Structures are given as C-alpha cells and as structure tokens.
Amino acid sequence: MLSLFSSEPVDLRTFLWLCAPALLVGFALRSHFLWVTPQGYFGADSGSYYEFAHQLFTKGEFDLSPKRRWLYPIFLALVTAIPAPCWYVLPLLQHLIGLATIVGIGWIARYLSLRPRFSVPLVTLICAVWPRMLWYEHEFIAETLLLAAFVFTVAVALTPGVFTSRQGLFLLTIATILLAGMKGAGRFLWLGAIIGFVIHAGDPRRWAWTWRSGLAGLTALLLAITVGKSSQGYWLLLNSVLPMVRESGEPHRRYREALRPVVLEARAAGNSYPWVAQNFKKRFNSKDSSAIHPIWAELNKDELRFSQVARSLSMDAIRDHPLKFLQFTVTTTGIAMSGSLVNHRFDPPEFWREQLLNTRNRWIKKPSYFSLPFRVDAGEFQRLARAGDLRNYRFTGFLHAVDKHFRWVEPAGPAGAHESGLASLRLRPFGILMVLGVLISLRPSLLRRAALLLLPAGLYILGVFAVGDAVSRYLHPVEWVGILLAILALEILLRLLMHALGRLWRAVGAGPPAHETPP
C-alpha cells in the first residue's frame, strides 16, 4: 500500500504496467460492445462529416464543407477506401484510438502527479470505463479524434526536452495541426495550448525551431483561423444572450424592435433561461415571417448581413451585462455536467431504432447513398436492425453505476425546478474533488505544467458554452482533465490523511513525555 504513494519516478516499463489494468478493462468493455453492435452509429451530425467522402468517391469532387474542419472528413474518406465496409471499420479504429488515448492520459498523469504509482492506474481506469468516451468512439463523429489530438498535444508538451529538441518540437507542431484541424471548437483548445506552451517552456524564440517545425506551426495557425462556418456562431451567441439584448435604440433599431416580443419572452424566464434557451434557437435563423417578425425573416435571407447584425446585438448585450453573461455560461456548463454519462443507445434496440430514424430519409430519397459506407441495401439494413433488437450489451448496468458515482453535478431540488438558476445545481463528490484539483494545480510548483491543461480546457468550456446549448457531448474532449484533477486532489487528501494517522500512531506509541510520571 505504501509503495503506491512512493514519489520515485516511474520508468517506461513500470508506466506501461500501471496502465495495463485500465487497458484490460477498457478492452473488455469495447470488445463486447463491438460484438453485440459491430456497426458504427450514423447519427444526425454524421452526414455533414461523411459528405466529403461521398462526393469524393461517387462524383470525384474534392469539396470540403465550410461547416466542418478538414481532418475528420478526410479521415472518414481514408477509412472508406479500405476494402472492408466503413460501417464496421470506423468504430473498430476509433475504439483502438480510444485505448491509445487512455495511455496518453496516463502519460500526462505521470508528469503531473507526485505519486504516479497511485494516480496513473486510477486515472486511466476511470477513463477506460468513462461511458461518454466509450460511446463516441462508436459514432461517425469527430469527438474521439479531437479528444485524442488534445491528449496527444499535452502529452508531447509535457515530455521532458521536447521544446529543446528539433524532433520533439516538430512532433509537437504536428500535434497542434491535428488539434486545430479536427473540429471548429478545437480552436479554443489550440489557442489555450499555445499560451500554455509559452507558460510551460518560456520564450518561443529559444525553442529548437527548424524549417519543418516552423512550417507545421504555420499550418496549424492557418487551420485555426480558417475553415469552418463562423457565421453560425453569431446567431447561436445571440440566442445565448437573448434576455440581455436591448429591445430598442441603436444600432439596428429596426431589428431590435422586431425582436422585442421574443426578448421579453426570454427575459421572463429569469435565471432559468439557460434551461429553455434551446426553445428559442431555431426561431432565429428561420425564414418564416411568423417565427419572429417579417423584418427578421427577411434578414435571414442575407447570410452575411444576418451574421453582422447578430454579432453586433450580441456584443452589445455582453458589454452591457458581463456578469449575467458569465452567470449564464457557467449555468449552461453546469446543466451539461448534470446530464447522464450513459448514452441510451448502448442498448442495441435503442441503437437500431434511432439508426433507422436517422437514415430513413436518405434510404427513401437516395437509397444508393449508403452503398458506400454500409455496403448493404435497404433490405439487408432492415434485417441487421431486426437482429440487433435481439442483442444485449451486458455492461450497461456497470456503466450506469459509473454514472451514479462519478457524475459531476446534480439538481439541487426537485426535477424541473430551475427558478434559482445556477443555485438549482450542486456539485457531486467527484465534482468537488475536481474543483479542489483546480485549486491544487494553481500551486507555483505545479502551475507551469498544469497550465497545459487548465488553459485549453478553460477556454474551450467558456467558448463552447457561451455560444452553444447545454449539450453534454460538448464536454467530451475535456472531461479527462476533470478526472485527472479530481485524482490529484484525492492523492493530496490521502497523503494528508496518512500523515495525520502517522502522527497519531507515533503519539500513541511513544507514551507520555519523559518528564511526566504515569499514575
């Protein structure tokens, strides 16, 4: 037991042994999931990622959608080129990437923890059974590769000597390319990582630059500031700050007056607005004159002008009410953290029910679309769905137990009672440990290394939940940071407890002081 709290550094062989339990458990969970449901999940967002591969292989067009970043659509195209059906190969590859990511998280814990023999196996084991991580490895969506790119970037940056090694710095810049080019939200992770590099390694002019690493770094910068549909973010931001928007005055007086009824409706929700914000979202980009106002509907027909107006109204609202904006953002994050970690699609009948719903329109309108990723016709697809209904994922109960004990946040009152805003939520024990871990990581001895995690994760959460809804999926790329911070806090608490018990034991065993005579 005491050896677990040894402060001795661990070599590579010992490190791999420390990761072995997590890899075995993670492999068991993933292999059984692949056994009962070997097909990947083609969800509501999957089509926008897969469209590039479809256009490339059916029409010979190299056309990357502005809505998505480059790398994941290209990854899907490469997987599609494999002779086996992409439908089966993709989840297999992503689960393998998930296992490698667990090792990367352990590598990071190795350099942040004072007691790696305690923290590495515990952090990796929790990540191996983390339900959200397991699910998104199975879906046609960029979350798993974005998570892997973030972990890879931090793991490389924490490796000693990287910034003073030409090969190491080149590898790090390649990692930043993956981070910047995988998904639009990755730009927040990328920016935070760059700032973290400077805090951790010092003046960039002293790094071991070569023309290769410089070119890779420039490529990452270009990826971070280009590709991805930015216009969507402004009307989503407007939706997030809707109660704070002035309903009269300049600029854009006409549009403010057109929005007046919906602004007052949103304002009536008070502090509970983050719970109902998604009810207003679709009305903003609707071209239907009855959704909000004919003037607003007309504005929606001019995408550039619509984006400019939404941005102006949003920025004015944030400047007028910065604390309320921060409160809404934190509340939205808390709502997302209170959601279940277990996706209901782990149950094969639910998986196939929603798979049928998500693909039904394409099967009707363009039945040849799925001949490329699935390589089955509609009849075979239906047969596979019926066969899947009869299967059962035996670890679902275990995943629900993980959710029960490791969820970050829970409602503070009865279900549906959100009148108190942020006060309607409270931290669970694991969430409290995470907060303690954040405070512990601010120690001068740890801060320069911890900045590589705290800055990217913090910027990501603020950037994503200031704009987006309270969607738990958005937490996926950064939840491992919370897990690691919670274990670092637990490590400190156990060390303090053992120290206190040791002092008590020595005090009891020593007997009375020498100058006292026992009765």
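The values are calculated or read from the model by the stated rules, or taken from the named source; none is laboratory data. Keep in mind it's a predicted model, so treat the numbers as computed, not measured. Don't worry about glycine lacking a Cβ; one is built from the backbone with ideal geometry, like all the others, and counts go over all protein chains shown. For accessibility, only protein heavy atoms count, side chains too; no ligands or nucleic acids. Shrake-Rupley method; radii C 1.70, N 1.55, O 1.52, S 1.80 Å.
The table below gives the values:
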quantity	calculated
Rel. contact order, % - alpha carbon contacts under 8 angstrom, at least six apart, region 19-164	33 percent
Kirkwood Rh, Cα atoms: Rg over Rh of region 124-191	1.04
Lys pairs under 15 Å by Cα in the chain, provided they are eight or more residues apart or on distinct chains	6
Å³ per residue enclosed by the Cα convex hull of region 95-252	180 Å³
In Å, descending, principal axis extents of the Cα set of region 178-290	58, 29, 28
Value in Å of the Kirkwood radius, where region 232-373 supplies the Cα pairs that are averaged	17.5 Å
CD proxy at 222 nm, helix term only [per DSSP H run n ≥ 4: -39500 (n - 2.57); per residue of the chain; nearest 500]	-21500 deg cm²/dmol
1.4 Å probe accessible area per residue over region 429-477, in Å²	39 Å²
On Cα atoms only, tilt of 378-389 relative to the major axis of the chain in degrees	40 degrees
Accessible area (Å², per residue) of region 182-298, counting only protein heavy atoms and a probe of 1.4 Å	49 Å²
Translational diffusion coefficient (Stokes-Einstein; Kirkwood radius from C-alpha pairs) of region 310-413 at 25 °C, 0.890 mPa s, in µm²/s	137 µm²/s
Tilt relative to the chain, helix 143-158 - C-alpha long axis, 0 to 90 degrees, to 10	40 degrees
Angle in degrees between helix 303-320 and the longest Cα principal axis of the chain, rounded to the nearest 10	40 degrees
16 Å cut-off, amide nitrogen to a point 7 angstrom out along Ser7 Cα→Cβ, residues in region 112-137	112-119
Diffusion constant of region 19-74 at 10 °C, which comes from Stokes-Einstein with the Kirkwood Cα-pair radius and 1.306 mPa s, µm²/s	115 µm²/s
Accessible-area order (highest first, 1.4 angstrom probe) of the listed residues Ser314, Ser272	Ser272, Ser314
Theoretical FRET efficiency, 1/(1+(r/R0)^6), r = Cβ-Cβ of Leu494 and Arg212, R0 35 Å, to 0.05	0.20
Most to least packed among 181-193, 294-306, 258-270 [average Cβ atoms within 10 Å]	181-193, 258-270, 294-306
Of every Cα-Cα pair in the chain, the percent that sits beyond 43 Å	23 percent
Rg(Cα)/(2.2 N^0.38 Å) for region 244-300, N = residue count	1.12
All-pairs Cα distance distribution in region 30-116, expressed in whole percent, bin size 10 Å	15, 36, 27, 16, 5, 1
